[in-house]
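One structure below.
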Amino acid sequence: MAPSTDTSTPAKPPKLRATLTSGEGIVTVKVGPDQHQQDFQIHKALLTHHSEYFRAALQGEWKEAEDRVVVLDDVEPDVFGIFATWLYTGKVPDINRERELALENDGKATTAYLACIKGYALGDRIMASAFCQLMNNGFVDIVDEHGFHVEEVCEIAILAFEQLPAHSLLLGFMVEQYFSESYVCGDSSEVIYFEKMFPHEFLLRGMRRFREMQRGDAPIEEGTRCYHEHTAEEEEKCHSLHMWYDEKTESAYFG
């Protein structure tokens, strides 16, 4: 018998009580490399609703479906823990806590930024679009609260351009903030030092953006841009311009 190919997303998420009492049971997700691997026991109904990857793996005649064990040895357990918490609560307390700590300390929110990047990369890996949306929007909101220090931009950009797909709005958002906004802090010597380590693709996109700014291409009034990812319903209600990625020019634009 051929494996099932029906991986379409169910219309509504399962209710938590129904999930906990369903007969579908528990799936073991083994996360991380062997020496640091952690087992997560998660209800199949939640995994298959929110993730196309798990839906495909746990339905049909695949070995994972029969054994109810899925191995993700290239994912950090802490990052998957954020996803697992979100599955059951709809919240990401670890990232919110890091945001609060940033306010109490030096204002830097590096750990929270990195968690959003890694969370988005996981969401893309397991095809969990709603989780990707949450990570994208969380990242944007943290920037609005804290801005960037040039040291943070360097570390975050290196990770983001390594792990995120080229079409990710987060990549375009980071370039936009660094090259056209006043969010970045740091004196000139720091900027020169860290810019030497920026990812090549980040600098290329920045050069394109800088040329647009110099030419005055399609100036956009402040406050009319939106960097959030939206559901179709949210998109209709949001009247701001949104960022899109053009694969031909390999650059982001507003439209």
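Laboratory data are not the source of any read-out in this text; all were calculated from the coordinates shown. Small disclaimer: the values here were computed from a predicted structure and weren't measured. Reconstructed Cβ throughout: ideal geometry from the backbone, glycine too, with neighbour counts over all protein chains shown.
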Legend entry - Loop-located GluC sites (Glu not before Pro) in the stretch 34-86 whose Cβ has at most 14 other Cβ within 10 Å (DSSP): GLU61
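With a Förster radius of 35 Å, plug the Cβ-Cβ distance of LYS248 and GLU162 into 1/(1 + (r/R0)^6) and report the FRET value to the nearest 0.05.
Details: r = 23 Å, r/R0 = 0.66.
After rounding, the FRET efficiency stands at 0.90.
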Inset, instruction - Starting with the fewest neighbours, write out TYR245, TYR193, TYR227 ranked by other beta-carbon atoms found within 10 Å of each beta-carbon. - result: TYR193, TYR245, TYR227
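Of CYS116, CYS226, how do they rank once you tally other Cβ atoms within 10 Å and put the fewest first?
Values: CYS116 28, CYS226 17.
Exposure proxy ranking, most exposed first: CYS226, CYS116.
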Legend entry - Gain upon complete extension [LEU241, ASP67; 0.36 nm per residue less C-alpha separation]: 58.0 nm
Legend entry - Residue pairs, from the table LYS30/LYS237; LYS91/LYS237; LYS44/LYS248; LYS44/LYS118, whose Cα atoms sit over 29 Å apart: LYS30/LYS237; LYS44/LYS248
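Would you mind putting 194-204, 229-239, 70-80 in packing order, based on average other-beta-carbon counts within 10 Å, highest first?
Details: 194-204: 14.5, 229-239: 10.8, 70-80: 17.3.
Averaged packing, sorted descending, gives the order 70-80, 194-204, 229-239.
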Legend entry - Computed label-point distance, nm, for sites THR89 and THR111 using a 7 Å Cα→Cβ extension: 1.6 nm
Legend entry - Built amide H within the under 5 Å cut-off of LEU241, gap 5+: ARG225, CYS226
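In what sequence do MET174, MET135, MET207, MET243 fall when counting other Cβ within 10 Å, fewest first? Can you show the working numbers first?
Details: MET174 27, MET135 30, MET207 12, MET243 19.
Neighbour counts put them in this order, fewest first: MET207, MET243, MET174, MET135.
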Legend entry - ³J(HN,Hα), Karplus 6.51/-1.76/1.60, whole Hz, each residue of the stretch 229-242, x for Gly, Pro: 7, 10, 6, 4, 5, 5, 4, 5, 8, 8, 9, 7, 7, 10
